[in-house]
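In what follows, a structure is listed as structure tokens, so that the remarks can point back to it.
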Amino acid sequence: MQKQLLLFCLLLLSIAEVKSQFTKNVVFFTDKKPTAFSLSNPSAYLSARAVARRTKYNISIDSTDLPVVQQYIDSVLKTGTVTLLGRSRWLNAIIIQTSDAAALAKINAFPFVKQTTGVALRQVNGKLSGDKFLPVLPSPAVVNRIQQIKADTFNYSASASQIKIHKGEFLHNIGARGQGMQIAFLDAGFTSYPTNQFFDSTRARKQFLGTWDFVQNDSMVEDHSHGLACLSIVAAYKPGTFVGSCPEAGYYLLRTEDAPTEQIIEEYNWAMGAEYADSSGADVISSSLGYTTFDNSSFNHTYADLDGNTTVAARMADMAAKKGILVLISAGNDGDKTWHYINTPADADSVLTVGAVDVNGVIAAFSSFGPSSDGQVKPDVVSVGSGTTISTTSGTLGSGSGTSFSCPNLAGLATCLWQLFPEVNNMKIISTIQRSSDKYSTPQVQYGYGLPNMKKAVGFLLTDLATVNAVAANCTVTLSWSSKDIKTMLYSVERKLPGETSFSKIKTIAANGTTFSTQQYNLNDTIAAGISGTVNYRIVQVIDTSAAGYDEYIIQSASATISTCFPLSTSDNQNQKLISIYPNPTQSDIVLKFTDTNSIRDLQINIVSMTGQVLLQKNYDKPAGISSVLLPAKSLQRGTYNLVVYKKGKLYAVKEFIRQ
């Protein structure tokens, strides 16, 4: 008993020492067994959109989706003066605040508690680490890049350069502006968003879907200007002044960052923000936050930690991706410092990490370098993060620099791209954006795969998803294909006949889509007489028909084999009158009658199916005078057939008959 008492006192002393540093702790639980929830009824803890996302992309609902066990939470809260700050189902943990050493001792003694970890420092003499976003805040100077763009859906004016460097206007012009999509912003705060003029239409159309502050544990998120600037790059809608990259989506505004400090709890806040986005049904996360060093240096990340699997933020970013969310992260602003590598969660395996260039595509010196410590190409891509058009807190135009701004610019365009192709998953969108980038074949440590081209990305996805089929019957090949399109596009059908070395255009067809959607097309192509063998086709989709932006992609190819081709020319019509078939229709054999009174040597008589298959072949030397030939047809299946007669290897005549 004395030994147990001594151990308990030692535990209290150790916790008292922790108390001098931490007032906030993460409590990890061992399991989720005594739960009122089940995997078979996810609607009890996930929104309908979250469940639909899992269903659409064949994502299993598993134990990480289940809420933290309420019984465990209640037990923790009853140990003393303990306040619940948050809960994480992905980590199976809660965050608490307490200065009660005895309560912590009791918590650590619970059999269902795996461990507790201090995550937030006590302030010493009221000193804070400073605002890490200050170096990249917008200047109040108004950007002077206004221009009239009458050919595009939007008059972007000040934001034209940052949209058009990615051919992002192409997405908007074919109808993708974010409608029906949802983006969650994880940031430090969104000062003045309820009154900012650039969001007048956003508010009117009820595009703000929800807010939560994981730092203060309330719904007020106006604590900092950084998130507002990032939001404006995506959501601003004031044509003629400033239009964002995805102005018609729905938005969740989530504060996970305590800007004046840098504490490891912010990575846990980030995890809870990502879970909020997931359970609410968001499609995309845009987060311009990153972590390497902290107010307590014992938490600092080494380069070795940046392997995509070590830090809490990276693991939870990958978890969000596993749940089907498209996650975009800023690379970091340390490229011109001693520590020049990316931050976490930019190292996460399954996120799109974004570095910064200016509007001319020149890399920003501050943009952080990759690769991740496990050799991944990071950043993945770059976007405009130097001299980016943003909104100031007063609702005027400003200019800001930082990968904080390149990330949302690309996040908005990626959302529009995904809107066009919802049948593909988040990882397919990431790989397509990478593939569309200008350094894809030779990635670099600061550029990654380079500058994405959204028009190319559309072309690549069309190529991946389009279908085509070719079926030959007699001398006609029927082409059937499907692809997504809109009426501003067209198709060019190209053919290569046996013996030809290149394709030739045989038909141009206007696209049918009134909105960008899947359309079906058919084309009958008649092959000239005397041609046999494999005929190759390819469907070229012209996605931009304008002279300045003309762009086309071979979306699919197909081939068909012509075994017997016998269309009759005008000169052959006389021979048609010289043969007849009876009975026709027939239930048995048929008789081929020649009325040509001349003798004809080297005739070949074929019975051919409508798909060109030769079913019977008979050689015949016709004597002088009218003559007849009996041909067996009783073994043929019911249907329509052609009787084809060749004279010395050249087509003589064709007759159609029916086997009943």
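List of remarks:
- Count - residues of the stretch 513-546 that are surrounded by fewer than 14 Cβ atoms within 10 Å (Cβ to Cβ) and of a type outside the set (Gly, Ala, Ser): 8
- Options Val458, Val362; residue that is within 30 Å of Tyr57 (Cα to Cα) and of a type in the set (Val, Ile, Thr): Val458
- Single residue of the stretch 461-482 satisfying the filter (more than 20 Å from Asn425 (Cβ to Cβ) and not hydrophobic (A, V, I, L, M, F, W, C)) that is farthest from the chain's Cα centre (by Cα): Asn474
- Test for Ala304: is it among the aliphatic types (A, V, I, L, M), in a helix (DSSP H, G or I) and over 23 Å from the mean Cα position of the chain (by Cα): yes
- Here Asp295 meets the list (1) crowded, with 20+ Cβ neighbours inside 10 Å; (2) in contact with an Asp or Glu (Cβ under 6 Å, 6 or more places away or on another chain) almost entirely, failing just condition (1).
- Some residue of the stretch 120-135 being in a strand (DSSP E or B) and either modelled with pLDDT of 95 or more or among the hydrophobic types (A, V, I, L, M, F, W, C) (or both): yes
- Wholly enclosed strands (runs of 3 or more DSSP E) of the stretch 463-512 bearing at least 2 residues touching a helix residue (DSSP H, G or I) at 6+ places or on another chain (Cβ under 9 Å) and touching a residue at least 40 places away in the same chain (Cβ under 8 Å): 476-485
- Test result for Val359, in the same structural domain as Trp418 (by TED's automatic domain parsing), of a type in the set (A, V, I, L, M, F, W, C) and not in a loop (DSSP other than H, G, I, E, B): no
- Tyr553 being out of contact with any helix residue (DSSP H, G or I) (no Cβ under 6 Å at 6 or more places or on another chain), at pLDDT 95 or above, surrounded by 14 or more Cβ atoms within 10 Å (Cβ to Cβ) and of a type in the set (Phe, Trp, Tyr): no
- Selection status of Asn453, surrounded by 20 or more Cβ atoms within 10 Å (Cβ to Cβ), modelled with pLDDT under 95 and out of contact with any helix residue (DSSP H, G or I) (no Cβ under 8 Å at 6 or more places or on another chain): no
- Qualifying residue in the stretch 438-447 (condition: within 11 Å of the chain's Cα centre (by Cα), touching a residue at least 40 places away in the same chain (Cβ under 8 Å) and over 20 Å from Lys164 (Cβ atoms)): no
- Residues (buried (at least 19 other Cβ atoms within 10 Å of the Cβ) and not β-branched (Val, Ile, Thr)) located in the stretch 68-80: Tyr72
- On the stretch given as the stretch 238-252, residues that are in contact with a strand residue (DSSP E or B) (Cβ under 6 Å, 6 or more places away or on another chain) and either surrounded by fewer than 24 Cβ atoms within 10 Å (Cβ to Cβ) or of a type in the set (Lys, Arg) (or both) total 4.
- Checked against (1) free of Cβ contacts under 8 Å to residues at least 40 places away in the same chain; (2) more than 23 Å from the chain's Cα centre (by Cα); (3) buried (at least 20 other Cβ atoms within 10 Å of the Cβ), Lys337 passes all but a single condition, namely (3).
- Selection from the stretch 476-493 of residues that are of a type in the set (Gly, Ala, Ser), out of contact with any Lys or Arg (no Cβ under 6 Å at 6 or more places or on another chain) and surrounded by fewer than 22 Cβ atoms within 10 Å (Cβ to Cβ): Ser480, Ser482
Residue-wise test of (1) at pLDDT 90 or above; (2) within 15 Å of Gln576 (Cβ to Cβ).
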{"residue": "Gln587", "(1), (2)": "yes, no"}
{"residue": "Ile590", "(1), (2)": "yes, no"}
{"residue": "Phe594", "(1), (2)": "yes, yes"}
{"residue": "Asn598", "(1), (2)": "yes, no"}
{"residue": "Gly612", "(1), (2)": "no, no"}
{"residue": "Gly625", "(1), (2)": "yes, no"}
{"residue": "Val629", "(1), (2)": "yes, no"}
{"residue": "Ser635", "(1), (2)": "yes, no"}
{"residue": "Lys648", "(1), (2)": "no, no"}
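- Every condition in (1) in contact (Cβ under 8 Å) with a residue 60 or more places away in the chain; (2) among the acidic types (Asp, Glu); (3) crowded, with 24+ Cβ neighbours inside 10 Å is met by Asp374 except one, and the failing one is (3).
- Restricting attention to the stretch 21-55, the residues that are within 21 Å of the chain's Cα centre (by Cα) and over 16 Å from Ser280 (Cα atoms) total 0.
- Summed over the stretch 192-234, residues that are in contact (Cβ under 8 Å) with a residue 40 or more places away in the chain, buried (at least 20 other Cβ atoms within 10 Å of the Cβ), under 21 Å from Thr396 (Cβ atoms) and not aliphatic (A, V, I, L, M) total 10.
- Test for Thr353: is it over 30 Å from Ala52 (Cβ atoms) and either of a type in the set (Val, Ile, Thr) or within 24 Å of the chain's Cα centre (by Cα) (or both): no
- Each residue in the stretch 89-106 was checked for being within 43 Å of the chain's Cα centre (by Cα) and either surrounded by fewer than 19 Cβ atoms within 10 Å (Cβ to Cβ) or more than 14 Å from Val119 (Cα to Cα) (or both), and 5 pass.
Yes or no, residue by residue, for (1) part of a strand (DSSP E or B); (2) surrounded by fewer than 24 Cβ atoms within 10 Å (Cβ to Cβ); (3) small (Gly, Ala, Ser):
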position: Ser404; (1), (2), (3): no, no, yes
position: Gly412; (1), (2), (3): no, no, yes
position: Cys416; (1), (2), (3): no, no, no
position: Gln419; (1), (2), (3): no, yes, no
position: Pro422; (1), (2), (3): no, yes, no
position: Met427; (1), (2), (3): no, yes, no
position: Ser431; (1), (2), (3): no, yes, yes
position: Asp438; (1), (2), (3): no, yes, no
position: Thr442; (1), (2), (3): no, yes, no
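- The one condition from (1) in contact with an Asp or Glu (Cβ under 7 Å, 6 or more places away or on another chain); (2) crowded, with 24+ Cβ neighbours inside 10 Å that Glu262 does not meet is (2).
- Test: residue in the stretch 184-192 that is over 26 Å from the mean Cα position of the chain (by Cα) and not in a loop (DSSP other than H, G, I, E, B): no
- Any chance Phe366 is of a type in the set (Phe, Trp, Tyr), over 20 Å from the mean Cα position of the chain (by Cα) and farther than 20 Å from Thr191 by Cβ: yes
- Residues considered: Ser287, Ser368. Of these, the only one that is among the polar types (S, T, N, Q), within 29 Å of Gly250 (Cα to Cα) and assigned by TED's automatic domain parsing to the domain that holds Ile429 is Ser287.
The values are calculated or read from the model by the stated rules, or taken from the named source; none is laboratory data. This one's a predicted model, so the numbers in the text were calculated from it and none came from an experiment. Positions of Cβ are backbone-derived with ideal geometry, glycine not excepted, and every protein chain shown enters the neighbour counts.
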